[in-house]
Amino acid sequence: MAQSYTAPKGTHDLVGASAAGWDFLQETARTIFSRYGYASIYTPLFENTEVFTRGIGEATDVVGKEMYTFEDRGGRSLTLRPENTAGVVRAAIQANLCVDGASAKLYYAGPQFRYERPQKGRQRQFYQVGAESLGNTSPLADAEMIMMLWDYFLALGLKPRQMTLLVNSMGDETCRPAYRDKVAAYLRLHADKLCEDCVRRADTNPLRAFDCKKESCRVVMDGAPALKDSLCDDCRAHNDAVLSVLDAAGLKYQLDPKLVRGLDYYTRTVFEIQVNEGLGTQNAIGGGGRYDGLFQDLGGKPTPSIGFAVGAERIMLALDAAGIDYAASTQKVIYVAAAAEAQREAALSMAMELRGRGLIALCDLQDRSLKSQFKQADKAGAAFVLIMGEDEVARGGVTIRNMESKEERFVTLGGIVKMLTN
Ligand code: AMP
């Protein structure tokens, strides 16, 4: 026998419930995001490596340690996308979507790739749904983005009490550099109590120390200077305005001075939604922020923008923990059974007819006996079985069996569709 293979480390197949879950996340995204005026965008799974090194930043974990970078046969350096924002911005610049003050609202759903240590809710190929509001400068855009993410989770079935919305401002190029220096100095002062990574971060990317999961580092970072005390006037006004819109909309949030998102491009508003139970430390199911400088980093004109990304694996874990059955189909399944060989063709034609009317219809494709067709119908969760026998066909109809009540009755062909679509 030939050797058999498994999916590469850190990847998994979406099959069965996880495939149904991913479909549910995408369909719900389309429903909710289109209400806010978002259109979909599909960018390549790989980009020129510079799109990420320039966009996300050399000093980030994602670029420094986690990218799948390779040279193609033409000697170009390409990278599997570790996130989708840089690609969307690159595409928007290329298509001139945001020239002369134009704005664009785009959303995506698809796989992303990071070379990480695989664990629960952390994969090397993982799936994200995300949205980008490009060229919208007002604090209203930030608030609408946060509301849309909240709405999305509600539409997936989570309850407000199961989620916590965290908001912070990361400042901008006016106030952040001085703040970074302050945090770097603080890290150096407490170097003896920090992990190796955080000691290194003092020189490379001090704000990342806020994200360290090590308890000893967390304790130190609890006492670190907060950016809210160093925001410049413009950033403070922007932040106040965002919070005021959220207040007016009745959306509850917590201000979290330690919320600093891991990618360099974020400016001003950053936010995260966490689930309160079931996911341990990997409880952030989605987050995002404003990135006012990214278009320029990628060679475009200044186009202040904001976006979010949510991780599918973690949302599915959160939905599981909350007891939400995303795999349940709401549409009834009908099984058309042939009583004998002579009715097999008629059964298939009947199934075609029902599908044409928008119903889900299955029939046997393995020459099974009537008894095992019933077993199949049960397995498929059929609500009704239509039995086509010699007698029924002669009388111009079928026997319909309600699989729940076990009731059976004869229905004429004309009456079947009417009965099943009621
Ligand atoms: P980020 O792009 O790092 O801000 O992540 C956004 C969301 O994507 C997170 O909240 C996670 O839910 C998800 N995510 C990030 N990295 C991974 C990964 N390696 N495996 C699974 N989900 C991930």
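What follows draws every value from the coordinates through simple rules; no lab data is involved. Keep in mind that what you see is a predicted model, and the values were worked out from it rather than measured. Neighbour counts are summed over all protein chains in view; Cβ atoms, including those assigned to glycine, are modelled from backbone coordinates with ideal geometry.
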In which sequence would 24, 271, 410, 153 go, from the one with the fewest C-beta neighbours within 10 Å to the one with the most?
-> 410, 24, 153, 271
Name the trypsin sites (Lys or Arg not before Pro) in the stretch 380-422 that are in a loop by DSSP and that have at most 13 other C-beta atoms within 10 Å, would you?
-> 395, 406
Pair residue 248, residue 379: separation of 7 Å Cα→Cβ label points (nm) | 5.8
Under the 7 Å Cα-to-Cβ spin-label approximation, residue 159 and residue 195 lie apart by a distance in nanometres of 3.5
Arrange 238, 190, 12 by Cβ neighbour counts within 10 Å, fewest through most, would you?
-> 12, 190, 238
Work out the charge dipole of the chain with +1 on the Cβ of Lys and Arg and -1 on the Cβ of Asp and Glu about the Cα centre, then indicate which of 189, 12, 178 is farthest towards its positive end.
-> 12
Check: the chain dipole with +1 on Lys, Arg Cβ and -1 on Asp, Glu Cβ, in debye | 460
Rounded, prolate or oblate (a/c below 1.5 giving rounded, otherwise prolate when a/b exceeds b/c) for the stretch 348-422 by Cα gyration tensor | rounded
Write out the cysteines belonging to the chain for which the nearest other cysteine Cβ is not under 4.7 Å, or none if no such cysteine exists.
-> 98, 195, 198, 235, 363
From the square roots a ≥ b ≥ c of the eigenvalues of the alpha-carbon gyration tensor of the stretch 181-245, which class results: rounded (a/c under 1.5), prolate (a/b over b/c), or oblate?
-> prolate
Put +1 on the Cβ of each Lys and Arg and -1 on the Cβ of each Asp and Glu in the stretch 36-194; which of 156, 69, 52 then has its Cα farthest toward the positive end of the dipole?
-> 156
Tally Lys and Arg at +1 and Asp and Glu at -1 over the other residues with C-beta under 15 Å from the C-beta of residue 298: what net charge comes out?
-> -4
Per DSSP, loop GluC sites (Glu not before Pro) in the stretch 232-340 with at most 16 further Cβ within 10 Å = 277
Only Lys, Arg, Asp and Glu count, each charged at its Cβ (+1, +1, -1, -1), so figure out the dipole size of the stretch 48-184 about its Cα centre, rounded to 20 debye.
-> 600
Please state the charge dipole magnitude for the stretch 315-422, taken about the Cα centre, from unit charges on C-beta atoms (+1 on K and R, -1 on D and E), reported in debye and rounded to the nearest 20.
-> 160
Everything considered on the Cα gyration tensor (a ≥ b ≥ c; rounded for a/c under 1.5, else prolate if a/b is larger than b/c, else oblate), the stretch 117-272 must be described as oblate
Relative contact order %, the chain, counting alpha carbon pairs below 8 Å whose residues are six or more apart = 15
Return the calculated 222 nm mean residue ellipticity for the chain, to the nearest 500 deg cm²/dmol, obtained by summing -39500 (n - 2.57) across DSSP H runs with n ≥ 4 and dividing by the residue count.
-> -11500 deg cm²/dmol
